[in-house]
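The values are calculated or read from the model by the stated rules, or taken from the named source; none is laboratory data. Since we're looking at a predicted model, the values are computed, not measured. Neighbour counts are summed over all protein chains in view; Cβ atoms, including those assigned to glycine, are modelled from backbone coordinates with ideal geometry. Accessible surface areas use protein heavy atoms only, side chains included; no ligands, DNA or RNA. Shrake-Rupley method; radii C 1.70, N 1.55, O 1.52, S 1.80 Å.
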Amino acid sequence: MPELGESVHEGTVSRWLKKEGDFVKEDEPIVEIMTDKVNTELPSPATGILSKILIQEGDQVEVFHAMGIIDEESAAYPGTKLPPTKETVSTGDTQHASSTAEPKTPHPAAPDPNPQHQTSSSAEATADRPITPETDKKWFTPVVKAMAKEHGLTDAQLASVTGTGEGGRVTKKDVEAFLAAPKSAPAAKPATEAPKAKPPTPSVAGPDQTLTPLHGMRKMIADAMVRSSQVPTVSTVTQVDVTNMVKFRERNKETFQETYGVKLTYTPFFIKALAETLAEFPLANSSLTPDNQILTSKSVHIGVAVALGAKGDEGLIVPVIRDCHVKTLIDIAKDLEAIAKAARSNSLKAADVQGGTFTLTNPGTYGALFGTPMINAPQAGILGTYSIQKTPVIIDDMIAIRSIMHLVLTYDHRIIDGLVAGKFLAAIRDRLQAFDFFK
């Protein structure tokens with residue numbers, strides 16, 4: 001499992017593209033990985049037979065841990081499937097082959113299927129060696145090191161953690177147990193211990209029902225929604241007269257595509273108006289850090305929610321358009337089409353979904369008139385743009401038919417007060433109504 005981003009410590013195997021015993025070529029897609037940042041296909045690091053799958057579909061895997069084994073010695077026989085002569089298990093971030101009989105001659109270890117984690121045989125031997133009193137220094141996985149840094153553990157504290165992994169190796173669960181353990185002398189046991197919580201009763205589907213495990217992208221989305229639900233948010237709404245924008249697009253959409261090679265949709269106008277307003281209201285372009293500081297960015301990087309699948313029912317991902325505050329409407333339209341195409345083809349990189357400072361979602365594309373979008377924590381806000389409708393309105397005491405839509409701003413009330421949020425949303429509205437992006 002390669003490192004797909006600085007803050008990505010684990011992922012979920014959403015789909016194996018090859019089965020055990022299948023022949024695979026180097027750089028051929030072999031497994032699909034889902035993280036909370038991106039969904040991507042990983043290429044095979046070698047040519048050979050996929051002899052063992054260590055991490056099953058729907059299971060989580062930590063960075064640098066083995067997911068499978070490729071037998072390069074069978075590369076010359078792509079039509080041959082390997083016999084199950086050995087049982088291969090994964091412990092920690094290495095794999096070991098065991099059998100009931102002692103092998104007469106040593107066999108070379110199977111190659112590490114992680115394209116970004118190639119180590120020498122001597123380094124592997126050192127990593128696999130059991131921890132003993134004579135060992136000078138313990139070896140820790142990158143996940144354990146990242147957790148120690150996050151929680152401020154000293155080298156001495158980390159060295160004191162009892163490892164339950166192979167050869168005494170410290171695992172993620174060991175560190176979690178160490179952090180959860182009381183640091184002071186344990187209190188006397190109460191006379192009666194509290195009853196243990198009962199495990200949930202397994203769900204059973206009825207004759208006309210089905211059960212689907214919550215894993216992969218749906219699990220990532222669910223976890224992100226739970227995190228965002230902990231933020232105290234408020235939503236505020238305004239109406240916008242976008243008649244000028246609608247007329248401009250109707251007149252120029254064919255010419256725009258012929259000239260610039262991309263479709264002219266309404267979303268680039270929303271992004272442009274939002275980027276200019278975020279530059280005017282930098283507090284809205286902020287986030288709250290874990291140590292309760294407001295982090296404000298001078299650059300505007302807008303994440304755009306993209307629904308996946310032909311019917312839009314295969315999940316949601318938020319790739320980021322960077323530096324929107326200095327880009328023209330044409331640049332934004334090109335970037336928008338590029339990231340949407342990459343998202344729907346599962347070709348986004350981890351960097352494509354990181355670093356967003358604000359999010360825009362456009363439910364209006366499927367006809368939604370109104371809603372309260374969920375904030376993309378830890379960002380300070382999200383803007384929802386909704387369906388444009390021909391509506392009778394009063395102008396100078398006369399009835400007129402205009403193109404009207406709703407804008408909804410959901411914001412973190414710990415960072416932004418209602419007055420600032422109202423001014424911010426009004427500024428976006430005024431920019432769309434004035435429609436002077438080309439002046």
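List of remarks:
- Residue in the range 35-46 that is modelled with pLDDT of 75 or more, surrounded by fewer than 17 Cβ atoms within 10 Å (Cβ to Cβ), touching a Leu at 6+ places or on another chain (Cβ under 8 Å) and assigned to a strand (DSSP E or B) present: yes
- Scope the range 222-279; condition aliphatic (A, V, I, L, M) and either more than 30 Å from Arg414 (Cβ to Cβ) or not in a helix (DSSP H, G or I) (or both); matching residues: Val231, Val234, Val237, Val240, Val242, Met245, Val246, Val262, Leu264
- Matching residues, the range 409-433, being without any contact (Cβ under 8 Å) to a residue 12 or more places away in the chain and not hydrophobic (A, V, I, L, M, F, W, C): Asp417, Asp430
- Any hit, the range 399-422, residues being outside any loop (DSSP other than H, G, I, E, B) and over 26 Å from Asp241 (Cα atoms): yes
- Qualifying residues in the range 415-439 (those that are modelled with pLDDT of 95 or more and among the basic types (Lys, Arg)) - the one farthest from Ile332 (Cα to Cα): Lys423
- Residue in the range 214-233 that is under 23 Å from Leu336 (Cβ atoms) and modelled with pLDDT of 95 or more present: no
- Residue selected from the range 248-274 under the condition in contact (Cβ under 8 Å) with a residue 40 or more places away in the chain and of a type in the set (Lys, Arg), by the criterion surrounded by the most Cβ atoms within 10 Å (Cβ to Cβ): Lys272
- Residue within the range 361-380 that is touching an Asp or Glu at 6+ places or on another chain (Cβ under 7 Å), open to solvent by less than 20 Å² (accessible area, probe 1.4 Å), part of a loop (DSSP other than H, G, I, E, B) and at pLDDT 95 or above present: yes
- Going through (1) at pLDDT below 65; (2) touching a strand residue (DSSP E or B) at 6+ places or on another chain (Cβ under 8 Å) one by one, Lys172 falls short only on (1).
- Residue ID - farthest from Ile382 (Cα to Cα), chosen from residues in the range 306-322 that are open to solvent by 60 Å² or more (accessible area, probe 1.4 Å) and touching a residue at least 12 places away in the same chain (Cβ under 8 Å): Glu314
- Looking across the range 381-397 at every residue that is closer than 16 Å to Asp241 by Cα and in a loop (DSSP other than H, G, I, E, B), the one that is nearest to the chain's Cα centre (by Cα) is identified as Tyr386.
- Residue in the range 332-343 that is assigned to a loop (DSSP other than H, G, I, E, B) and open to solvent by 50 Å² or more (accessible area, probe 1.4 Å) present: no
- Residue in the range 344-360 that is surrounded by the most Cβ atoms within 10 Å (Cβ to Cβ), counting only those that are not in a loop (DSSP other than H, G, I, E, B) and not polar (S, T, N, Q): Phe358
- Matching residues in the range 410-439 - criterion: being of a type in the set (D, E, K, R), out of contact with any Leu (no Cβ under 7 Å at 6 or more places or on another chain) and open to solvent by less than 60 Å² (accessible area, probe 1.4 Å): Arg431
- Filtering the range 309-331 to residues that are in a helix (DSSP H, G or I) and either acidic (Asp, Glu) or more than 12 Å from Lys272 (Cα to Cα) (or both) leaves only Asp331.
- The lone exception for Asp436 - which of (1) without any contact (Cβ under 8 Å) to a residue 24 or more places away in the chain; (2) assigned to a strand (DSSP E or B) it fails: (2)
- From the options Ser299, Ser387, residue that is under 15 Å from Thr267 (Cβ atoms) and polar (S, T, N, Q): Ser387
- Leu214, sole failed condition from (1) open to solvent by 70 Å² or more (accessible area, probe 1.4 Å); (2) among the aliphatic types (A, V, I, L, M); (3) under 26 Å from Leu329 (Cα atoms): (3)
- Enumeration of residues in the range 395-409 that are modelled with pLDDT of 95 or more and open to solvent by 70 Å² or more (accessible area, probe 1.4 Å): Met398, Ile399, Ile401
- Residue within the range 352-363 that is among the small types (Gly, Ala, Ser), at negative phi and out of contact with any Phe, Trp or Tyr (no Cβ under 8 Å at 6 or more places or on another chain) present: yes
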